[in-house]
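FYI, it's all coordinate maths here, none of it is from the lab. Here the structure is a predicted model, which is why all the values come from computation and not from measurement. Backbone-built Cβ (ideal geometry, glycine too); neighbour counts: all protein chains shown.
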Amino acid sequence: MDPIKLMTFYDLGLEESTVKSVKDAGFIDPTPIQKKTIPLALIGRDIMGIANTGTGKTASFILPLIDILNLGRSKARMPRALILCPTRELATQVSNQFIKFSKNSNLSSLILIGGESFNDQEKAMEKSCDVIIATPGRLIDFHDKGKLLLNSIKFLVIDEADRMLDMGFIPDVIKITKLIPRIRQTLFFSATMNDDVKKTSKNFLINPKEIIIDSPSNTAITIEQYKIYHKHNNKIDTLNLLINSEKIKSGFIFCNRKTNVDYVASALRKFNFNISALHGDMSQEKRKEMLNLFKSNKTDFLVCSDIASRGIDISSIPVVINYDVPMNVDDYIHRIGRTGRAGHMGKAYSIVGIEDEKIINSIEKFSKIKLSNLNISHSSPNKDKDQDKKILKKDIIAFGNHTPNFF
């Protein structure tokens, strides 16, 4: 049977109890990645899946995992499945999804991530656990301290492999795979496909089925994309004008560096915007606080880096702003993919300088769409603008005449 033509979760071969959990969660029809992945996962195939954020990728490995694990039981400190994620936020999202979809089973899971109490996680480990959802570093800590046995792992998921590469985690992942049985089923997922990702996958997969979903060129359908040229490197002024002239009420603002995240967040607060900021150097507690403020609509904008944004589970983002143009096409596609989901229209704005022309040309060529020029007036200084400049005087002295793109 061709899985592409299957239309319901039950048709994909899932158990009735699992399908009921899916329906109870409000999902009716499987997405393309789920249609292709679930039947193959249920028969034990290794899979390399290429799918963008928001395609239903997480459920495509959690649902078959639930059915497979329902056939047996785990012992204390000896889980049967391992899901590796690059960030704490993504691991938390995956954990929440597993809990939701496994409610009609007797399966248990445990999340092992940095920024949380090691002792609390160790205490939870004393109970039998079927699935470990972890970041590589914390998992290795548990194993090296003799707190976790991995020789019963039969099912491995490596999620966001491209981000694992970017963050330098692949050596840790390779180390982990040497600690688990060689005979196992492995599902390997990435938002993007390139030579590095393909080469890396060969360390983990045996005769995999390759599944590619959602070509980036489709972003043009539901997302209006604009570029705004800033003058005299005055990007903060351009950002403020953009938000006000376009009457943008909420959205993500992406920066390339954590120093820019802090700078932009501070500047926008001085423009009287309510801001959450997120980057990799923040403590887990602080990241949770910032994210919860944004999710509860207590702040208007989330200023973040690419790495920190991975795994954030927020739907219906109306606008994405690239304060810094991303350094590659893949990150651009991932950023703007935060908006325009589920048939809703979204808008993506990129603040562009002369130095960004090359990457902008690559983005336009790759996505087969021309970003529309948006002109915002920088002339006729007024009292408010003069006041804005006074507010930012301290920051301008600290950073020079422009924000620090490449610290």
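Between region 102-122 and region 221-245, how many Å separate their Cα centres?
With region 102-122 and region 221-245 each reduced to a Cα centre, they are spaced 42 Å.
In whole Å, what three semi-axes, largest first, describe the equivalent ellipsoid of region 250-306 built from its Cα gyration tensor (square root of 5 times each eigenvalue)?
15, 14, 9
What share of all Cα pairs of region 3-214, in percent, falls into each consecutive 10 Å distance bin?
8, 37, 39, 15, 1
Shape of region 40-128 from its Cα gyration tensor (a ≥ b ≥ c, root eigenvalues): rounded if a/c is under 1.5, otherwise prolate when a/b > b/c, or oblate?
Since a/c reaches 1.5 but b/c is at least a/b, the shape of region 40-128 is classed as oblate.
Using only the Cα atoms of region 226-273, build the gyration tensor, take square roots of its eigenvalues as a ≥ b ≥ c, and label the shape rounded, prolate or oblate: rounded if a/c is under 1.5, else prolate if a/b is larger than b/c, else oblate.
Taking the square roots of the gyration eigenvalues as a ≥ b ≥ c, region 226-273 is rounded.
Relative to the longest principal axis of the C-alpha atoms of the chain, give the angle of the C-alpha long axis of helix 357-367, reported between 0 and 90° and rounded to the nearest 10°.
50 degrees
Under 10 Å, Cα contacts only: if you run a Gaussian network model on the chain, which one of 92, 200, 31 comes out with the highest mean-square fluctuation?
200
Quick query: amide H of residue 13 versus all other amide H atoms, modeled in the peptide plane; which residues come in under 5 Å with a sequence gap of 5 or more or a different chain?
Amide H to amide H, under 5 Å and 5 or more residues apart or across chains, residue 13 pairs with nothing.
What is the distance, in nm, between label points placed 7 Å from the Cα along the Cα-to-Cβ direction at residue 147 and at residue 344?
With each label point 7 Å from Cα toward Cβ, the separation is 3.8 nm.
Using only Cα atoms, find the angle between the long axis of helix 235-245 and the longest principal axis of the chain, and express it within 0 to 90 degrees, rounded to the nearest 10.
Approximately 90 degrees, to the nearest 10.
What angle, in degrees between 0 and 90 and rounded to the nearest 10, separates the Cα long axis of helix 284-295 from the longest principal axis of the Cα atoms of the chain?
70 degrees
Report the residue, chosen from 162, 172, 306, that carries the largest GNM mean-square fluctuation when the chain is represented by alpha-carbon nodes joined by springs under 10 Å.
Highest fluctuation among the options: 172.
Excluding same-chain residues fewer than 8 positions from residue 368, which aspartates and glutamates have a Cα within less than 20 Å of its Cα?
214, 224, 330, 331, 356, 357
Could you pull the Rg and Dmax for the chain, using just the Cα atoms, both in Å?
In Å, with Rg to one decimal and Dmax whole: 22.5, 72.
Can you give the percent of C-alpha pairs in region 113-193 whose distance is more than 21 Å?
So the portion of pairs separated by more than 21 Å is 30 percent.
Which of 252, 142, 98 moves the most in a Gaussian network model of the chain with Cα springs under 10 Å?
142
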